[in-house]
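Every number in this text was worked out from the coordinates using simple rules, so none of it is lab data. Keep in mind the model is a prediction, meaning the values are calculated, not measured. Positions of Cβ are backbone-derived with ideal geometry, glycine not excepted, and every protein chain shown enters the neighbour counts.
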Amino acid sequence: MAIPVCLRALGVAAVLLPSPPAGAQTFMFETGTTLYAKCQNKAPEYALACTAYIVGVVDGIKKDIFLGRAPDNCWPDRLGAEQVRDLVVKYLRAYPDQRSFPASLTVSVALNDAYPCQK
């Protein structure tokens, strides 16, 4: 099975993520599917929820980098909330097969896809 572009962007760790045992359910507050639905909804409260979730994920990732708990990334230092939201929505639209993953993972992958590190 080919590794999707988004998973390749995460490196080996993403490929090694274990599947839950048969019959087990993995709870997620937000999946790519639910986040995409919020982001596509025209009601202002849904647009706000979409943007707030994505910005919160970005802040969490940046916090982990600052604390040395995560590797650095190559994202611009100053990303606007609307810009990040648009990148994530574009990614979710382009890769509907990735919507079943946790939304936090999808946000990270979308940004890594948009701003890859030069080797």
Along the Cα-to-C-beta direction of GLU82, a point sits 7 Å from the Cα; which residues of the range 90-119 have their amide N less than 17 Å from that point? 90
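Sorting PHE29, PHE101 on the 10 Å Cβ count, fewest up front, what's the list?
Details: PHE29 10, PHE101 20.
Taking fewest neighbouring Cβ atoms as first place, the list is PHE29, PHE101.
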Please list the equivalent ellipsoid semi-axes of the range 28-114, computed as the square roots of five times the alpha-carbon gyration tensor eigenvalues, in descending order and whole angstrom. 21, 14, 12
For THR31, residues with placed amide H under 5 Å, excluding near neighbours: ALA103
How large is ³J(HN,Hα), in whole Hz, for each residue of the range 105-110 in order, when computed from phi with the Karplus curve 6.51 cos²θ - 1.76 cosθ + 1.60 and θ = phi - 60°, using x for Gly and Pro? 5, 5, 4, 4, 5, 4
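For the range 28-114, what is the charge dipole size about the Cα centre, in debye to the nearest 20, if Lys and Arg each add +1 at the Cβ and Asp and Glu each add -1 at the Cβ? Let's see the in-between values first.
On the way: 10 positive and 10 negative charges, 28 e Å.
The dipole of the range 28-114 has a size of about 140 debye.
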What lysines sit close enough to LYS38 to cross-link, taking a C-alpha to C-alpha distance under 21 Å and skipping anything fewer than 8 places away on the same chain? LYS90
Using the Karplus curve 6.51 cos²θ - 1.76 cosθ + 1.60 with θ = phi - 60°, what ³J(HN,Hα) values do you get for each residue of the range 83-91, in whole Hz, with x for Gly and Pro? 4, 5, 4, 4, 5, 5, 4, 4, 5
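Quote the relative contact order of the range 28-114 in percent (integer), defining contacts as alpha-carbon pairs under 8 Å separated by 6+ residues.
Values: 79 pairs, mean separation 38.1, N = 87.
Once normalised by length, the contact order is 44 percent.
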